[in-house]
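Chemist: Next up is a structure, given as structure tokens.
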């Protein structure tokens, strides 16, 4: 379902510029909010891992459960209405650096600015807001509030929808077993020093990978000229600095 020409979901020029530019090493995305003289530069775009999505149904959501005083339960996960080709897909991240001084020490200010799941190798011609299963486009207005997934743990993830309960089980178990002052392991694999976590479900041949997120996150679909989806992206650093979009 190609809705890219629909103004209700089409990315604004600044949003498109950021999504394109964030995955271009060497470019400047903007400046630090607290220091306009310090540029925020994309220093690296690198593969994080590959994940298996055998069903072609993709969830992009926080893997952690909902916390409730009376019941701790797993989240159903926000499944995208758009299907992707079943199979193994690469996940890439873009890192930025913006050096700063703190407590007499110099820090590189390195952080993940955006992540994407690559569906095909074709270049992105346009971006649109990815709707979830059950989202009603008729309730969306041009220029209105963007919709996506919400996280209270600053964590998002890509995962197979059919295997979602099994893939998020380590996070539910960790939360249920948490005790004040007691550190415990989690049944996940840490990647890049813990910046990402990988969960494998060998029974279903499916995977999940986590990434940093900022609260309310839009999922973006990158389409080729043909209209086919070639990328699914989350721009976690979009609101973290003053941007320098050329318009």
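Chemist: Is it the case that some residue within the stretch 110-123 is farther than 18 Å from residue 223 by Cβ, outside any strand (DSSP E or B) and modelled with pLDDT under 95?
Modeler: yes
Chemist: Now for a different question. Residue check: is residue 98 over 30 Å from residue 29 (Cα atoms), surrounded by 21 or more Cβ atoms within 10 Å (Cβ to Cβ), in contact (Cβ under 8 Å) with a residue 60 or more places away in the chain and out of contact with any helix residue (DSSP H, G or I) (no Cβ under 8 Å at 6 or more places or on another chain)?
Modeler: The answer is no for residue 98.
Chemist: To continue, here is another question. Residue check, residue 227 against (1) farther than 19 Å from residue 91 by Cβ; (2) touching a strand residue (DSSP E or B) at 6+ places or on another chain (Cβ under 8 Å); (3) touching a residue at least 40 places away in the same chain (Cβ under 8 Å), all met but one. Which one?
Modeler: Just one mismatch for residue 227, condition (2).
Chemist: Scan the stretch 180-189 and tell me whether some residue there is without any contact (Cβ under 8 Å) to a residue 24 or more places away in the chain, farther than 16 Å from residue 232 by Cα and in contact with a strand residue (DSSP E or B) (Cβ under 6 Å, 6 or more places away or on another chain).
Modeler: Within the stretch 180-189, one or more residues are without any contact (Cβ under 8 Å) to a residue 24 or more places away in the chain, farther than 16 Å from residue 232 by Cα and in contact with a strand residue (DSSP E or B) (Cβ under 6 Å, 6 or more places away or on another chain).
Chemist: Working only within the stretch 35-62, note down all residues that are surrounded by fewer than 22 Cβ atoms within 10 Å (Cβ to Cβ), over 17 Å from residue 233 (Cβ atoms) and touching a residue at least 40 places away in the same chain (Cβ under 8 Å).
Modeler: Answer for the stretch 35-62, where residues must be surrounded by fewer than 22 Cβ atoms within 10 Å (Cβ to Cβ), over 17 Å from residue 233 (Cβ atoms) and touching a residue at least 40 places away in the same chain (Cβ under 8 Å): 35, 36, 38, 39, 41, 43, 52, 54, 55, 57.
Chemist: Further question: Looking only at residues in the stretch 147-196 that are part of a helix (DSSP H, G or I) and within 17 Å of the chain's Cα centre (by Cα), which one is farthest from residue 62 (Cα to Cα)?
Modeler: For the stretch 147-196, the residue satisfying everything is 192.
Chemist: Here's a check for you: in the stretch 196-224, which residue that is exposed (fewer than 15 other Cβ atoms within 10 Å of the Cβ) and at pLDDT below 95 is nearest to residue 152 (Cα to Cα)?
Modeler: The residue in question is 215.
Residues are listed down the side, and each one gets a yes or a no for (1) closer than 27 Å to residue 197 by Cα; (2) not in a strand (DSSP E or B):
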{"residue": "31", "(1), (2)": "no, no"}
{"residue": "45", "(1), (2)": "yes, no"}
{"residue": "50", "(1), (2)": "yes, no"}
{"residue": "77", "(1), (2)": "yes, yes"}
{"residue": "90", "(1), (2)": "yes, no"}
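Chemist: Now a separate question. Find the residue count for the stretch 130-146, including only residues that are within 14 Å of residue 60 (Cα to Cα) and either in contact with a helix residue (DSSP H, G or I) (Cβ under 6 Å, 6 or more places away or on another chain) or free of Cβ contacts under 8 Å to residues at least 24 places away in the same chain (or both).
Modeler: 0
Chemist: If you scan the stretch 175-188, which residues turn out to be closer than 20 Å to residue 65 by Cβ and loosely packed, with under 14 Cβ neighbours inside 10 Å?
Modeler: Of everything in the stretch 175-188, those that are closer than 20 Å to residue 65 by Cβ and loosely packed, with under 14 Cβ neighbours inside 10 Å turn out to be 176, 177, 178, 179, 180, 182, 183, 184, 185, 187.
The values are calculated or read from the model by the stated rules, or taken from the named source; none is laboratory data. Keep in mind it's a predicted model, so treat the numbers as computed, not measured. Here the Cβ is made from the backbone with ideal geometry for all residues, glycine too, and neighbour counts use every protein chain on show.
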